[in-house]
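A.B. asks: Just passing along the structure, written as structure tokens.
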Amino acid sequence: MTGPTERPVSTPALSAAVLPEDEYVAVRRAKLARLRAAGVDPFPARFKRTHTTAELHAKYESLTANGAEAAVAGRIVLLRPMGKVQFANLIDSSGKLQLFVRLQSVGEEAYELFRSTVDLGDVIGVAGTLFTTRTGEQTLEVRRWKMLAKALRPLPEKWHGLTDPELRFRRRHLDLISNPAARELLLRRSQIVREVRRFLDERGFVEVETPVLQALHGGATARPFVTHHNALDRDLYLRISLELYLKRLLIGGFEKLYEIGRNFRNEGIDRSHNPEFTMLESYEAYADYEDVMRMTEELISTVAQRVTGSMVVSVQGTPVDLMPPWPRTPLREAIRKGTGIDYAEHPTLEGLARAVQAKGLRVEAQKTRGKLIDTLLDVVAAEVIQPVFFTDYPVELSPLAKLKPGTTDTVERFEAFAAGIELGNAFTELNDPDDQYERFVDQARQAQAGDDEAQSMDLEFLEAMQQGMPPAGGLGIGIDRLTMFLLGQHNMRETIAFPMMRELPRAAAGAPDGV
């Protein structure tokens, strides 16, 4: 009976949050009850396996004889009952193994429990001995089995897998269970990150970490996410870039450093953009953008060689040769050649917009000249197939980059492109605090003109610069895009374990299996 100061466990709000269940779940719940009635814990804490399936196959090949004993664990993805025997396929993260379960090997009680309670999707542990079937398949004859996690929901489409892209990304766990290629992509992404680290570590770079929650958003032109810190009672931003804190460490004496971390930008979603993404940024004191260009082409080609076995990668069926050196083309020349417009001849937004209109280019109107030049770059970059560096950018596009000697409107910056994808962005870093202050002031003017992605005035960063920041070359590479490129994927979401998705209507969101 509920006391006067107690609250009932079940409330309308909690009841509304209960997952919907159908007749298929009800059948599995009955099997769950049968296991418990038999004194079996359907969700035990542990199971001691001796091998993965891949290790077992390798060991079997080396033995070239039957009778090896082993214990493996994984998910059941195929069941073939044949009278008093059962064949099953079990998968783990390394591969697949056929199981052979028969009454005389496991005993009547264990066999009946297996036959009557094991479903596709269940996670089980088994122990037994290896043998070869008449068809030549390596098989484990089960002597003992143990339920490790009873699956209360069926696998999608009776294990044929998910095919709808939206459903695959929303129910990623189901996609990974039923789609080995999806698992392989994420494994290869992990390898790419590992090889990027290896490349930099071998060259004396030190990996560091910087804050995700920041008082100001800076280091890139992007719109931030805003959050609130309750204890401090202040708004903070999720970082849009790693740059400004990494430069503080550069000032502090780290001469070669890098970070691989998450950035957050309040922007749209398409095949090459996700609001939450992984970024590599590196900085090297006493280097310039020419040095960083050489490092970039070496890094990407080396990672390609180590991960794919070749410096030629296939992107949607087109071979892309990453062998250094890559061509260098000034941005002004690239845009003039690709669009017929010389942006240097149009020093105002209005003049450049008229030139764009006269050429009949279908691009969105922009609020600043720099943004319009960036849009023209997008037009040109979309046609790039083989890797190229576009160099020497307008100063209004690059508020953190060093001016090119002898100019007042061009900075030492490059972007690397291949197969229509931006692979990297780098500067000779601006280290004059007074020049940096004027660039921040110009960003404030752009914000007043309507650019909601303009950078903030960061006085603390300027104060740090006044301590003396060594000349340096900096590099940024999006890990998600690099993975998409190296593995030949059309959509970046394939390479992200849990990409951002639009919210489903309430009714559709209530079906957890999506089937």
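A.B. asks: Is it the case, given these coordinates, that SER190 is surrounded by fewer than 17 Cβ atoms within 10 Å (Cβ to Cβ), free of Cβ contacts under 8 Å to residues at least 60 places away in the same chain, in a helix (DSSP H, G or I) and polar (S, T, N, Q)?
C.D. replies: Against the criterion (surrounded by fewer than 17 Cβ atoms within 10 Å (Cβ to Cβ), free of Cβ contacts under 8 Å to residues at least 60 places away in the same chain, in a helix (DSSP H, G or I) and polar (S, T, N, Q)), SER190 qualifies.
A.B. asks: Residues in the stretch 211-256 that are in a loop (DSSP other than H, G, I, E, B) and in contact with a Gly (Cβ under 7 Å, 6 or more places away or on another chain): how many?
C.D. replies: 3
A.B. asks: Say we look at the stretch 436-451 and pick out the residues that are modelled with pLDDT of 90 or more and surrounded by 13 or more Cβ atoms within 10 Å (Cβ to Cβ); which of these is farthest from the chain's Cα centre (by Cα)?
C.D. replies: Restricting to residues being modelled with pLDDT of 90 or more and surrounded by 13 or more Cβ atoms within 10 Å (Cβ to Cβ), the top hit is TYR437.
A.B. asks: Hey, does the stretch 115-132 have a residue that's in contact with a Leu (Cβ under 6 Å, 6 or more places away or on another chain) and more than 23 Å from HIS57 (Cα to Cα)?
C.D. replies: Yes; the residues of the stretch 115-132 include at least one that is in contact with a Leu (Cβ under 6 Å, 6 or more places away or on another chain) and more than 23 Å from HIS57 (Cα to Cα).
A.B. asks: Also, I was wondering about something else. Can you pull out every residue in the stretch 207-234 that is surrounded by 14 or more Cβ atoms within 10 Å (Cβ to Cβ) and under 18 Å from TYR258 (Cα atoms)?
C.D. replies: Passing the criteria: VAL208, THR210, VAL212, GLY218, GLY219, ALA220.
A.B. asks: Hey, any hits in the stretch 485-504 for a residue that's more than 20 Å from LEU216 (Cα to Cα), modelled with pLDDT of 90 or more and among the hydroxyl-bearing types (Ser, Thr, Tyr)?
C.D. replies: Yes; the residues of the stretch 485-504 include at least one that is more than 20 Å from LEU216 (Cα to Cα), modelled with pLDDT of 90 or more and among the hydroxyl-bearing types (Ser, Thr, Tyr).
A.B. asks: Answer yes or no as to whether LYS359 is closer than 23 Å to GLU453 by Cα, surrounded by fewer than 18 Cβ atoms within 10 Å (Cβ to Cβ) and either modelled with pLDDT under 95 or not assigned by TED's automatic domain parsing to the domain that holds GLU281 (or both).
C.D. replies: Considered against the rule, which asks whether it is closer than 23 Å to GLU453 by Cα, surrounded by fewer than 18 Cβ atoms within 10 Å (Cβ to Cβ) and either modelled with pLDDT under 95 or not assigned by TED's automatic domain parsing to the domain that holds GLU281 (or both), LYS359 comes out as no.
A.B. asks: Now for a different question. What's the number of the only condition in (1) more than 23 Å from VAL25 (Cβ to Cβ); (2) touching a strand residue (DSSP E or B) at 6+ places or on another chain (Cβ under 7 Å); (3) of a type outside the set (Phe, Trp, Tyr) that ILE76 fails to meet?
C.D. replies: Condition not satisfied by ILE76: (1).
A.B. asks: Something else now. Condition first: in the same structural domain as ALA419 (by TED's automatic domain parsing) and on the phi > 0 side of the Ramachandran plot. Can you find one or more residues in the stretch 313-320 that meet it?
C.D. replies: yes
A.B. asks: Right, next: Can you tell me which residues in the stretch 233-257 are touching a Lys or Arg at 6+ places or on another chain (Cβ under 9 Å) and under 15 Å from TYR286 (Cα atoms)?
C.D. replies: LYS256
A.B. asks: Within the stretch 299-321, track down each residue that is touching a Phe, Trp or Tyr at 6+ places or on another chain (Cβ under 7 Å) and either charged (D, E, K, R) or assigned to a helix (DSSP H, G or I) (or both).
C.D. replies: LEU299, THR302, VAL303
A.B. asks: If you don't mind, another one. For the subset of the stretch 360-391 comprising residues that are touching a residue at least 12 places away in the same chain (Cβ under 8 Å) and small (Gly, Ala, Ser), which member is farthest from ARG413 (Cα to Cα)?
C.D. replies: Filtering first and then ranking leaves ALA365.
A.B. asks: Name the single residue, out of those in the stretch 167-177 being assigned to a helix (DSSP H, G or I) and touching a residue at least 40 places away in the same chain (Cβ under 8 Å), that is surrounded by the fewest Cβ atoms within 10 Å (Cβ to Cβ).
C.D. replies: LEU167
A.B. asks: Is it the case, given these coordinates, that GLY424 is under 20 Å from THR339 (Cβ atoms), touching a helix residue (DSSP H, G or I) at 6+ places or on another chain (Cβ under 6 Å) and of a type in the set (Gly, Ala, Ser)?
C.D. replies: no
A.B. asks: Given the conditions (1) surrounded by 14 or more Cβ atoms within 10 Å (Cβ to Cβ); (2) under 29 Å from the mean Cα position of the chain (by Cα), report the number of the one that ARG332 does not fulfil.
C.D. replies: Answer for ARG332: the failing condition is (2).
A.B. asks: Still on this structure, I have one more. Could you please find all residues in the stretch 413-462 being among the β-branched types (Val, Ile, Thr) and closer than 22 Å to TYR237 by Cβ?
C.D. replies: Answer for the stretch 413-462, where residues must be among the β-branched types (Val, Ile, Thr) and closer than 22 Å to TYR237 by Cβ: just VAL441.
A.B. asks: Among the residues of the stretch 353-411, write down those that are farther than 25 Å from ARG223 by Cβ and of a type in the set (Ser, Thr, Tyr).
C.D. replies: Within the stretch 353-411, THR391, THR407, THR408, THR410 qualify.
A.B. asks: While we're looking at this one, here's another question. In the stretch 257-298, which residues are under 16 Å from MET484 (Cα atoms), at pLDDT 95 or above and not in a strand (DSSP E or B)?
C.D. replies: None; the set is empty.
A.B. asks: Further question: Right, ARG294: within 17 Å of PHE389 (Cα to Cα), over 22 Å from the mean Cα position of the chain (by Cα) and surrounded by fewer than 18 Cβ atoms within 10 Å (Cβ to Cβ) or not?
C.D. replies: Judged against the criteria, ARG294 is a match.
A.B. asks: A follow-up question, please. Tell me yes or no: at least one residue of the stretch 53-61 is touching a strand residue (DSSP E or B) at 6+ places or on another chain (Cβ under 7 Å), free of Cβ contacts under 8 Å to residues at least 40 places away in the same chain, surrounded by 15 or more Cβ atoms within 10 Å (Cβ to Cβ) and of a type outside the set (Phe, Trp, Tyr).
C.D. replies: Scanning the stretch 53-61 turns up no residue that is touching a strand residue (DSSP E or B) at 6+ places or on another chain (Cβ under 7 Å), free of Cβ contacts under 8 Å to residues at least 40 places away in the same chain, surrounded by 15 or more Cβ atoms within 10 Å (Cβ to Cβ) and of a type outside the set (Phe, Trp, Tyr).
A.B. asks: For the stretch 101-138, how many residues are over 21 Å from ILE177 (Cβ atoms), surrounded by fewer than 19 Cβ atoms within 10 Å (Cβ to Cβ) and of a type outside the set (Gly, Ala, Ser)?
C.D. replies: Counting residues in the stretch 101-138 that are over 21 Å from ILE177 (Cβ atoms), surrounded by fewer than 19 Cβ atoms within 10 Å (Cβ to Cβ) and of a type outside the set (Gly, Ala, Ser) gives 15.
The values are calculated or read from the model by the stated rules, or taken from the named source; none is laboratory data. Note that the structure is predicted; figures quoted are calculated from it, not measured. Cβ sites come from the backbone with ideal geometry, for glycine too, and all protein chains shown count toward neighbours.
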